[in-house]
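**Q** Following this message is one structure expressed as structure tokens.
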Ligand SMILES: Cc1cc2nc3c(=O)[nH]c(=O)nc-3n(C[C@H](O)[C@H](O)[C@H](O)COP(=O)(O)OP(=O)(O)OC[C@H]3O[C@@H](n4cnc5c(N)ncnc54)[C@H](O)[C@@H]3O)c2cc1C
């Protein structure tokens with residue numbers, strides 16, 4: 001999610017010059033021509049008109065925008081493929097300023113019946129309104145039925161086929177790529193995803209209760225099978241009683257947990273809220289890596305990855321800065337807190 005390009009030039013029809021301007025990333029652009037928005041299917045080369053069918057407020061700063069492909073024609077196979085294997089984004093255009101920013105589509109709602117949301121025709125974006133932010137403020141002001149132009153998909157990270165376990169550090173809307181990973185791993189039996197989700201305020205994750213991470217007492221099923229709900233559940237550390245009210249994203253995460261369980265994979269989430277003085281700490285990560293080793297039948301580092309996604313400051317704090325080299329965004333060296341920890345051979349990738 002994080003950093004912005006200094007300058008990128010991507011050749012395509014009429015030569016598109018992409019200039020980075022924002023502190024939070026995404027891409028600004030200028031046109032060589034103004035006529036490349038007539039394609040009916042989402043594609044990475046030109047903007048496609050979508051209709052904003054609904055706006056669902058999540059908190060005082062964030063909203064889910066549901067966008068439907070205006071032509072109604074099915075989007076290309078490539079979109080189905082990116083859902084299966086990758087973390088990906090689309091660019092949203094602000095037409096007056098001729099700028100665009102990247103946003104990460106949320107997966108289709110796991111709790112809904114198959115086919116109710118067609119993942120190729122409807123896209124849902126969780127967008128936080130940045131104070132003074134050009135594109136995020138613009139989309140928040142749009143009324144339903146407005147036209148929004150999208151370009152993509154842009155693959156941010158390809159999940160290797162041998163991925164068996166992901167520890168995901170998500171800050172704020174960084175939960176969107178974490179949910180994409182949950183969606184992709186869902187149908188991989190035995191694959192495991194643990195999300196550490198940090199928010200500034202509780203309003204973004206109302207009712208979210210952390211899944212227990214403690215090793216089970218002797219005589220009970222221990223480790224991953226319990227932790228991910230594949231067997232008898234371990235009681236959550238915070239409370240065993242589910243709260244009466246759950247926020248939209250928390251509910252979706254709960255539905256994803258059920259769905260992954262029924263597919264034989266595992267998902268668990270821990271919540272951290274700045275306002276409650278509950279922050280992700282290195283011990284949360286260290287404990288997870290240790291438990292992973294302890295509970296693996298055949299401990300192996302292969303296929304184990306830590307993904308970090310959120311605002312620039314969040315990524316930098318945990319994994320160090322991403323770099324821009326030759327007009328392309330690169331991972332840069334592992335720095336930050338993770339750079340100082342014994343990661344037991346886990347790979348780190350900054351989103
Ligand atoms: C791959 C990727 C995926 C992303 N996915 C999501 C997502 O799913 N959801 C989401 O909400 N965001 C996401 N983002 C972030 C998003 O692309 C935008 O960066 C974000 O919405 C802010 O864009 P903006 O145009 O509203 O703000 P901008 O206009 O870019 O401004 C950003 C901030 O910088 C400040 N600022 C701007 N100019 C200046 C200046 N000259 N001096 C000082 N301060 C300044 C603004 O006040 C604002 O607070 C993603 C980013 C990337 C790279």
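The values are calculated or read from the model by the stated rules, or taken from the named source; none is laboratory data. Just so it is clear, the structure is predicted and the values come from calculations on it, not from any experiment. So basically every Cβ, Gly included, is an ideal-geometry build from the backbone, and we count neighbours across all protein chains shown.
**Q** Taking the criterion of being touching a helix residue (DSSP H, G or I) at 6+ places or on another chain (Cβ under 6 Å) and free of Cβ contacts under 8 Å to residues at least 60 places away in the same chain, would at least one residue in segment 305-315 satisfy it?
**A** No: zero hits.
**Q** Right, something else. Just the residues that are more than 6 Å from the ligand (Cβ to nearest atom) and assigned to a loop (DSSP other than H, G, I, E, B), please, taken from segment 128-152.
**A** Those that are more than 6 Å from the ligand (Cβ to nearest atom) and assigned to a loop (DSSP other than H, G, I, E, B): 129, 142, 143, 144, 145, 146.
**Q** Which of (1) surrounded by fewer than 17 Cβ atoms within 10 Å (Cβ to Cβ); (2) under 25 Å from residue 130 (Cα atoms); (3) at pLDDT below 95; (4) within 20 Å of the chain's Cα centre (by Cα) is the odd one out, the single condition residue 323 does not satisfy?
**A** Only one criterion is unmet by residue 323, namely (4).
**Q** For residue 125, indicate whether it is within 19 Å of the chain's Cα centre (by Cα) and within 14 Å of the ligand (Cβ to nearest atom).
**A** It is true that residue 125 is within 19 Å of the chain's Cα centre (by Cα) and within 14 Å of the ligand (Cβ to nearest atom).
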